[in-house]
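The values are calculated or read from the model by the stated rules, or taken from the named source; none is laboratory data. Worth saying up front: this structure is predicted, and the values here are computed from it rather than measured. Here the Cβ is made from the backbone with ideal geometry for all residues, glycine too, and neighbour counts use every protein chain on show. Side chains included, ligands, DNA and RNA excluded: accessible areas come from the protein's heavy atoms. Shrake-Rupley method; radii C 1.70, N 1.55, O 1.52, S 1.80 Å.
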Amino acid sequence: MHYKHSGKALYIQLEGEIDHHTTKGLKEKIARAFEPTDCRQMIFDLSRVTFMDSSGIGMIIGRYKNAQERGGTVAITGMNPGIERIFQISGLAKIINSYASVEDAEKALGESVQ
């Protein structure tokens with residue numbers, strides 16, 4: 001996982017498999033990157049994720065709730081067709097917007113990740 005702060009946004013690039021073996025560590029890393037800041041938005045770049053199961057969906061929902069508590073939201077970018085299918089089937093697409101690129105997400109959220 002790689003991340004950076006920019007304005008009120010936390011940009012998070014995930015990679016590899018997001019499953020029950022990896023989500024606990026990811027939750028902790030994201031919390032350490034998000035909690036001590038004044039960030040309100042999270043932009044997840046999933047372009048390097050090869051697999052995601054329901055644990056990954058749960059992890060994203062939890063971060064969505066964290067952002068909502070601050071009056072913000074979460075955006076997803078870079079989903080491959082398999083992950084996009086999980087995103088749709090799980091209902092996550094109804095509450096979290098997805099974008100073709102980080103730049104599109106930045107525009108929609110009014111943030112800039114430089």
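In terms of Cα to Cα distance under 20 Å, which lysines are near enough to K94, apart from those fewer than 8 places away along the same chain? Straight-line reach from K94, under 20 Å: K65, K107. Atom-type composition of the exposed protein surface of the range 8-73 places 47 percent of the accessible area on carbon and sulfur (1.4 angstrom probe). Counting charges near M1 (Lys, Arg +1; Asp, Glu -1) among other residues having Cβ under 13 Å from its Cβ returns a value of +3. In terms of the mean number of neighbouring beta-carbon atoms within 10 Å, the peptides 3-11, 33-41 order highest first as 3-11, 33-41.
The magnitude of the dipole of the range 2-113, with charges of +1 and -1 set on the Cβ of Lys/Arg and Asp/Glu and taken from the Cα centre, is near 280 debye. Counting only protein chain heavy atoms and rolling a 1.4 Å probe, the accessible areas of I61, I43 rank, largest first, as I61, I43. For K27, the shell of other residues with beta-carbons less than 14 Å away shows a net charge of +2, using +1 for Lys and Arg and -1 for Asp and Glu.
Over all directions, average the projected area of the Cα convex hull of the chain and note it in nm². Intermediate results must be reported in sequence, preceding the final value.
Details: hull surface 24.2 nm².
Dividing the Cα hull surface by four gives the mean projection, 6.0 nm².
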